[in-house]
Amino acid sequence: MAMHMTTSPSSDPNGPRKSDRWIPWYFVGGFAIMLIANISLVTFSMTSWNGLVTKHAFEEGNNYNAAISGAARQQELGWRSKLSVDGVIDQNGTITILFRDKDSNPITGAKMSVMMSRADRDDLDATIPLAEIAPGEYRASAAFPVYGRWQLRTIANAMGDDYQTVEYVVVNP
């Protein structure tokens with residue numbers, strides 16, 4: 001008895017199936033999806049907020065001890081400020097700051113400004129100088145290009161000492 005064997009792919013029960021020829025393309029497709037996802041994430045990271053908090057991080061890091069001693073001096077002075085944003089119409093408002101010493105006396109003659117910033121957009125940062133309109137009361141008009149939460153950093157210099165504080169305000173339409 002002689003056995004006759006055929007080697008045709010269609011008759012070999014242990015041979016490759018037709019779907020097996022797609023297996024290498026599954027790997028190519030998987031790598032293509034991964035490449036597209038990585039390119040999308042890199043593009044998003046390069047075009048979104050860069051996370052930079054300060055432009056001079058190295059210098060500020062080197063001067064950190066001076067910042068700590070300045071904060072201690074500020075606490076020693078006991079100065080206080082009260083900030084308000086009023087009259088917001090068409091994204092323009094009035095910033096008013098009441099500036100007092102530890103005995104609640106008005107501090108006059110201070111050079112004062114407010115740095116406005118938002119956590120999500122650094123292109124809207126602005127520094128607004130304030131003018132003294134009454135003893136210890138400083139005021140300026142400010143534009144708020146977008147509504148929402150703003151960080152307002154009050155910076156003052158009076159009687160040879162520096163003062164600063166950070167407050168958050170929500171500007172509504």
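Scanning region 133-162 for residues that are of a type outside the set (Ser, Thr, Tyr), under 20 Å from Asn92 (Cα atoms) and assigned to a strand (DSSP E or B) yields a total of 12. Scanning region 21-52 for residues that are closer than 30 Å to Arg118 by Cβ, surrounded by 10 or more Cβ atoms within 10 Å (Cβ to Cβ) and not hydrophobic (A, V, I, L, M, F, W, C) returns Asn38, Ser40, Thr43, Ser45. Take the conditions (1) within 23 Å of Val53 (Cα to Cα); (2) of a type in the set (Asp, Glu); (3) touching a residue at least 24 places away in the same chain (Cβ under 8 Å); Glu132 misses just one of them, which is (1).
Across region 103-129, the number of residues qualifying as without any contact (Cβ under 8 Å) to a residue 40 or more places away in the chain and within 27 Å of Thr54 (Cβ to Cβ) comes to 11. Filtering region 126-149 to residues that are of a type in the set (Phe, Trp, Tyr), modelled with pLDDT under 95 and either more than 16 Å from the chain's Cα centre (by Cα) or surrounded by 14 or more Cβ atoms within 10 Å (Cβ to Cβ) (or both) leaves only Phe144.
Within region 69-106, take every residue that is modelled with pLDDT of 90 or more and at positive phi and give me the one that is surrounded by the most Cβ atoms within 10 Å (Cβ to Cβ). Once the filter is applied, the top-ranked residue is Gly78.
Residue-by-condition table, conditions (1) surrounded by 11 or more Cβ atoms within 10 Å (Cβ to Cβ); (2) small (Gly, Ala, Ser); (3) touching a strand residue (DSSP E or B) at 6+ places or on another chain (Cβ under 6 Å):
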| residue | (1), (2), (3) |
| --- | --- |
| Thr54 | no, no, no |
| Ala57 | no, yes, no |
| Asn63 | yes, no, no |
| Ala66 | no, yes, no |
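The values are calculated or read from the model by the stated rules, or taken from the named source; none is laboratory data. Because the structure is predicted, anything quoted here is derived from the model rather than measured. For neighbour counting, all protein chains shown are included, and Cβ atoms are generated from backbone atoms with ideal geometry for every residue, glycine included.
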